[in-house]
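Read the figures in this text as sums done on the coordinates, not as results from a lab. Here the structure is a predicted model, which is why all the values come from computation and not from measurement. Positions of Cβ are backbone-derived with ideal geometry, glycine not excepted, and every protein chain shown enters the neighbour counts.
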Amino acid sequence: VLGITDYFSIDGYKKMAELKESGKFSNIDLLLPNVELRILPVTADNKAINLHIIFSPSIVDELDSFFFNNLEFEYSENTYKCIKSDLIKLGRDFKRDQELSEESAYKEGCNQFKTELKQLNKIFKKNKKLRDNSITGVSNNRGDGNSGIQHSSLAATRQEIYRFSDFIFSGNPNDRTYFSGQGDRKTSCRERV
């Protein structure tokens, strides 16, 4: 099983799926589209939270209408959807350069586009098929993961992000112990100040 990760898209997954269909990668039984997002609030390192949504291949053709067209970002009194053309517009608008190449504008648009848990919850609540055909994971890294939210006024937000997630990825053995219910609160890096 191989998950193909892209920021705000499944373009890489589609390319790999075509190659697999043509006979390449016969040693891989299943390809999964993994969409990486950045959500607010930011961590103590001023980085947005790293969140991944792995979708079932069975809904790939519906992701634009179910998911990407419903994710929105507002900048300078304009609303941008999480689709390539809007991400390019966002990048050009943010850089104030309408001549910026599509590649550079898309990269900048992806860099600037952030969403919030409230918006994701709303999208998933409205669509049972989307809920039933995806799993969500959050990084627990202090730099760009959920444990990086350290301010006490955001503790409830941090907990809600954990509740939204089906899995938590971390290289810290203490996190594995804590999140599997085997440790106490002091051993987890998510509780460190």
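Once both labels are modelled 7 Å past Cα along the beta-carbon direction, what's the ASP11-GLU160 spacing in nm?
Inter-label distance under the simple model: 3.2 nm.
Taking only the alpha-carbon atoms of the stretch 126-181, what semi-axes of the equivalent ellipsoid follow from 5 times the gyration tensor eigenvalues under a square root, in whole Å, largest first?
Largest first, the stretch 126-181 gives 22, 15, 10 Å.
Test of the criteria: in the stretch 7-108, which trypsin sites (Lys or Arg not before Pro) are in a DSSP loop and have at most 11 other Cβ atoms within 10 angstrom of their Cβ?
Hits after loop and neighbour filter: LYS24, ARG96.
What whole-number value in cubic angstrom gives the convex hull volume per residue for the C-alpha atoms of the stretch 43-174?
138 Å³
Karplus couplings for the stretch 123-129 from phi (6.51 cos²θ - 1.76 cosθ + 1.60, θ = phi - 60°), rounded to Hz, Gly and Pro as x?
Karplus-based 3J(HN,Hα) across the stretch 123-129 equals 4, 6, 5, 6, 9, 4, 4 Hz.
Give me the one-decimal nm value for the distance between modelled label points at VAL1 and GLU72, 7 Å along each residue's Cα-to-Cβ direction.
Once both label points are built, they end up 3.5 nm from each other.
Within the stretch 64-170, report the GluC sites (Glu not before Pro) that DSSP leaves as loop and that have at most 16 other Cβ atoms within 10 Å.
Sparse-neighbourhood loop GluC sites (Glu not before Pro): GLU77, GLU99.
Report, in whole Å, the centroid distance computed from the Cα atoms of the stretch 125-157 and the stretch 1-64.
17 Å
Anything over 24 Å Cα to Cα? Flag those among LYS14/LYS95; LYS95/LYS122; LYS15/LYS107, in the order listed.
LYS14/LYS95; LYS95/LYS122
Given Cα positions, please report Rg to Rh for the stretch 1-102, the hydrodynamic radius being the Kirkwood one.
Taking Rg over the Kirkwood Rh, I get 1.04.
Suppose only helical runs count, i.e. DSSP H with n ≥ 4. What mean residue ellipticity at 222 nm does that imply for the chain under -39500 (n - 2.57) per run, divided by all residues and rounded to the nearest 500 deg cm²/dmol?
-10000 deg cm²/dmol
Quick one: putting +1 on the C-beta of Lys and Arg, -1 on the C-beta of Asp and Glu, what dipole do you get for the chain around its Cα centre, in Debye to the nearest 20?
680 debye
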